[in-house]
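Please read the structure below before turning to the comments.
Laboratory data are not the source of any read-out in this text; all were calculated from the coordinates shown. Here the structure is a predicted model, which means the values were calculated and not measured. Backbone-built Cβ (ideal geometry, glycine too); neighbour counts: all protein chains shown.
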Amino acid sequence: MGARITVELDELLLLKADARGFSLLPRQPVSSLLAGRHASRLRGRGLSFEELRHYQQGDDIRTMDWKATARLRSPHVRVYTEECERPLLLLVDQRVPMFFGSRHAMKSAAAADLAALAAWRALDVGDRVGGLVFNEEEIVEVRPHRSQARVLQLFHEIVRLNQRLHSTDPPRGATSLNDALERAARVAKHDHLVVLISDLYGADDETKRLTTQIAAHNDVLVIAVYDPMGISLNGVEGMFAHDDGRTWELKSGSSFSKSFQAAFQERLEKWMQIFRHLRVPVLPISTAHPVPKQVRSLFGNRPLS
């Protein structure tokens, strides 16, 4: 059975039923594809200042506002409440290298499913949802908003760019991963959850700099979409692969298959080197399995069955 080529709007809408049983801000350390388990930098929901009021018996002395106490000449404390939301900004990669898949779905289709699950989950818990959907020619911005209409707008853009990949005139511009990250840095000034869904094609030192900039004031999560054929090409002789705007017939043991595998492994190691130093969690999602099951396993601490 061939890989799922493109996505339809109805498919993303139906994923609402699967958007439960997981949190996008896991408390436990998260898994990476190569490095095992490592400490997560995700802060989760924090505290926001609500008011300044007179000290009352039983108040925690650590909440005392000494400047206000001196100015007002009576003890005052700062009252905090737990943040009730963290806007979600999804970066959804729909560039030509994402149009690749050997099993269940193309990487571009898996990325669309991931974005839909994350959007529905965030909206369900009352968070604002927005995104940047990008290919080689454009970056489409949907500002975070707490409404189903805004989520549907985001889905329409994901579907539009996704289906361009299978058209007779695929995108041929030069928009890079870093261009999308630069736009994200302008949108997510602080206290956002920024989720990058990509195969990280083209990641480099500038990617590291931009991710550091975004992570300084936001939570950042990278979901690395990969195809298992990139790790092992055994048993795929005669299969056609579409990547980087070209179509290849894979011959087992050929010099191309070996160089293809080596290039993938090198890029994979580069991902981990870039993000491990930043303590930004990287979650692997394979095109070989349905996305909802993998999401519940990685985010909900449930076994993948």
Which of the pairs K208/K270; K16/K189; K16/K293; K107/K270; K16/K208 have their Cα atoms more than 22 Å apart in this structure? K16/K189; K16/K208
Decide, for segment 87-216, between rounded, prolate and oblate: order the square roots of the alpha carbon gyration tensor eigenvalues as a ≥ b ≥ c, take rounded if a/c falls under 1.5, and otherwise choose prolate if a/b is larger than b/c, else oblate. oblate
Ordered by packing density, taken as the mean number of other Cβ atoms within 10 Å over each peptide's residues, highest first, how do 161-171, 288-298, 107-117 rank? 107-117, 288-298, 161-171
Extended-chain gain in nm, criterion 0.36 nm per residue less alpha-carbon gap, K293 and D169: 41.3 nm
